[in-house]
Structure formats: C-alpha cells, structure tokens
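Report on the following structure.
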Amino acid sequence: MLLNTTDADLLPGCRGGDEAAWRALVERHTRKVFGLAYRFTGRSDAAEDLTQEIFVKVYQTLHKYREADGAFAAWLMALARNHAIDHYRRGRQERARRAEDPELLETAPARAEHPIAEIEREERARLVHRGLRALPSELRLPLILCDLQGLSYQEIATSLELPLGTVKSRINRARLELAKRLLARRPELSGGGS
C-alpha cells in the first residue's frame, strides 16, 4: 500500500473489483475495526470473526457510500458499530433463549468466565452505556468516535465539521461528565449493588 494513497483514491478500484485496492483499504482500517469488535465481544477469536463479517458487509454496501456524506473512515466505523451492536443483540437473544431451555443448559460447554462474573461485567457495560446515552449528543458523539471507535481528534473534527479545539474540549468535558455519573453509581459498578 502506498503511503500517500487515500481512501478516496482506493474506493473507485474497490468498487470496480480491484483486489489490491480492496486489500489496501482493509489493511488500512482493520486495526480500528478489530478494536471496536473486541470491545463488543471481549474475545480475540470472536473479534476476528466479527471483523471479517464487518468487512464483508462493507464490501456489499460500498456502493452506498457517498463522499458528500463525510469521511470514508467515519462511514466505515458507523457501519462497523451498527453491525457490532446487531451482533451483540443477536447474541443476547440467543443467550436468553438458551437460558429458557434446560436441555440446552445441560449440554452447553463450560465457559471460561464464571456466569456471575459475566453477569457483573455485562451489568457494568450496561451502566457505562447508560451513562453515555445520558450525555448530551454534542458530547456523546465525539467521545464515542474517539474512545470506542478509535478515530483521531482530526478525523473527528473532519467528520463532524467542527474545529479541532472544539472536538478536544467536548471529549474532555464528556469524559469528566461520564466519570461523574459513573462515580455516583460506584456500588453498582463494583458489583456490590445490594
């Protein structure tokens, strides 16, 4: 991959079936997509599978991306995030279905994580997500793009059409506000919600 090749340079080739252009685009964005997938799955093997699913979906929907809608990286990460959320929901529904079926419980393989620890981890994640949703959107969106999707401040500024200083300020304010909200719920976060 040439260092000075941009996503915009690669996209026409990707849409035209150029394998080298597609490979270069995937290599450029795999780390960020994998990071997002890992945050949703918590396991490397599952994150690798989810990363592959995401890039298949990107390939299938590449024709829908328009440069006028913003940076390709932002579009890609939004698609990745939505796919990861859908994947998480499907997994949660499957776990609920299994929990209701005693035969499945008896034949299910043992998990590495204790069920109580898994429940506590999921509850902490729900509390963090609840705290994120409670933030005003002007603070929440830059924080998610930075901390959950791994975009740089400059990429966020470009995709949100905001000055760089404003992006940095909003991310800092969002982190402080989220920390305040989570500290107020510290007993729930530490697993001692009783």
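The values are calculated or read from the model by the stated rules, or taken from the named source; none is laboratory data. None of the values given here were measured: they were computed from a predicted structure. Cβ sites come from the backbone with ideal geometry, for glycine too, and all protein chains shown count toward neighbours. Keep in mind that these areas ignore ligands, DNA and RNA; they rest on the heavy atoms of the full protein, side chains included. Shrake-Rupley method; radii C 1.70, N 1.55, O 1.52, S 1.80 Å.
Taking all protein chains into account, the per residue accessible area for segment 16-75 stands at 59 Å² (1.4 Å probe). Once the chain from ALA179 to LEU127 is taken as fully extended at 0.36 nm per residue, the excess over their C-alpha distance is 17.6 nm.
Where a Cα-Cα gap under 19 Å defines reach, which lysines qualify for LYS57, not counting those fewer than 8 residues away within the same chain? By straight Cα distance, LYS57 reaches LYS32.
When the surface is traced with a 1.4 Å probe over the full set of protein chains, LEU148 keeps roughly 60 Å² accessible.
About the Cα centre, and with charges only on the beta carbon of Lys, Arg (+1) and Asp, Glu (-1), how big is the dipole of segment 13-74? Nearest 20 debye, please. Please list the in-between numbers first.
Details: 10 positive and 9 negative charges, 41 e Å.
The calculation lands at about 200 debye.
Taking 0.36 nm per residue of sequence separation and subtracting the Cα-Cα distance, how much length would be gained by fully extending the chain between SER137 and GLU48, in nm to one decimal?
Working: separation 89, 0.36 × 89 = 32.04 nm, distance 3.03 nm.
Residue separation times 0.36 nm, minus the Cα-Cα distance, leaves 29.0 nm.
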